[in-house]
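The values are calculated or read from the model by the stated rules, or taken from the named source; none is laboratory data. Remember, it's a predicted structure, so these values are computed and weren't measured experimentally. Backbone-built Cβ (ideal geometry, glycine too); neighbour counts: all protein chains shown. Quick note on the areas: whole protein, heavy atoms, side chains included, nothing else; ligands and nucleic acids left out. Shrake-Rupley method; radii C 1.70, N 1.55, O 1.52, S 1.80 Å.
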Amino acid sequence: MQKKHRKKCYIWLITIITMFFTLYLGAGYYFYQVAFVPGHKSFLKKHKALSKSDPLYKEKLWYLNSKKQQYSIKSADNKFRLVANYLPASSKSFKTVVILHGYMGNKDKMGQYAALFHQLGYNVLLPDARSHGASQGHFIGYGWPERNDVKKWSQYIIKKQGSNSKIVIFGLSMGAATAMMTSGEKLPTQVKAIIEDCGYTSIEDELNYEANKLYKLPAMVEVPIVKLLSLSVKMKYGYFLSEGNCIKQLKKNHRPFLFIHGEKDKFVPMHMVYKNYQACRGPKELWVTKNAAHAESFPKHPKIYKNKIAQFLNKYV
């Protein structure tokens, strides 16, 4: 009887373990599709048609009507063709800003930022990140593989404009994380300053946060799923998600850095900006914007936003 009872217990145990393993595999596949595969994302805000009620209407309209040159390069790993729009400054300038868009965004959604920097006398380069817009790709890297693409865009600018180039990197949301991850690399001396707006501390931190926020998953469930995702990414693309860490990269950065974050950001929580700011080793400034949600600092405070960036750039570039 005891042997039969033990056998039944083993069968039940194996069944439960198999069920949990299957459940985690299924959940892992689902979250992989949601997080890393380009396509429609229900949790993102729908793009609104341009309206005169938009606080940045003039800036966005200027971008839509501006003449743009198209540049392209091969990605840093030579796998994909990357595309960017280029808008030269009104008068000859060696100052160029590289503007990095957010998750499932594209270069044309950053027109208001292009207008801001163009008004400050900068040439503007707006790349589509790999797997976004007109650029090729089939995987969203959350800034880690993209950091090498940004470095290559910087080198491309120097090749086009010469060694007198002065380059600023600006990023929003995922683009902000990309900018921070880029900051820890060995960059050309022509990269003079970096600005990030509402970027996260690491890929794992952001995915854990979103898993809890969107799906209300407890830590005992979300953490193993994110680790499973990390293993999948390692097997397919050669790196663990833990490597995509802004804090570790910022500790290697010595360039001037401006950090911007909305105090009501619920997509990338505000506490992350303090960790990023503390990690940065170069000259740094922090501006937490009142009553601004995710990526809303510019539309909520357009005049102050422009002034903050202008003052920062005048000081360091």
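The figures follow:
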quantity: Qualifying residue in the stretch 192-208 (condition: out of contact with any Lys or Arg (no Cβ under 6 Å at 6 or more places or on another chain), within 28 Å of F267 (Cβ to Cβ), in contact (Cβ under 8 Å) with a residue 24 or more places away in the chain and aromatic (F, W, Y)); calculated: yes
quantity: In the stretch 244-264, residue nearest to the chain's Cα centre (by Cα) [restricted to those that are in a helix (DSSP H, G or I) and surrounded by 17 or more Cβ atoms within 10 Å (Cβ to Cβ)]; calculated: C246
quantity: Yes/no for A134 being crowded, with 24+ Cβ neighbours inside 10 Å, under 30 Å from K45 (Cα atoms) and at pLDDT 95 or above; calculated: no
quantity: Any chance L207 is under 25 Å from V97 (Cβ atoms) and buried (at least 16 other Cβ atoms within 10 Å of the Cβ); calculated: no
quantity: Complete set of residues in the stretch 265-277 that are over 12 Å from A292 (Cβ atoms) and open to solvent by 50 Å² or more (accessible area, probe 1.4 Å); calculated: H271, Y274, K275, Y277
quantity: Residue match in the stretch 112-133 (condition: under 24 Å from I247 (Cβ atoms), under 15 Å from the mean Cα position of the chain (by Cα) and touching a residue at least 40 places away in the same chain (Cβ under 8 Å)); calculated: yes
quantity: Within the stretch 158-175, tally of residues that are surrounded by fewer than 24 Cβ atoms within 10 Å (Cβ to Cβ) and either at negative phi or at pLDDT below 95 (or both); calculated: 8
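This table checks each residue for (1) assigned to a helix (DSSP H, G or I); (2) of a type in the set (S, T, Y); (3) open to solvent by 50 Å² or more (accessible area, probe 1.4 Å).
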| position | (1), (2), (3) |
| --- | --- |
| I73 | no, no, no |
| K92 | no, no, yes |
| V97 | no, no, no |
| Q112 | yes, no, no |
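So that you can scan it fast, the table gives a plain yes or no per residue for (1) surrounded by fewer than 17 Cβ atoms within 10 Å (Cβ to Cβ); (2) touching a residue at least 24 places away in the same chain (Cβ under 8 Å); (3) among the acidic types (D, E); (4) in contact with a Ser or Thr (Cβ under 8 Å, 6 or more places away or on another chain):
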residue	(1), (2), (3), (4)
K45	yes, no, no, no
A76	no, yes, no, no
L87	no, yes, no, yes
D149	no, yes, yes, yes
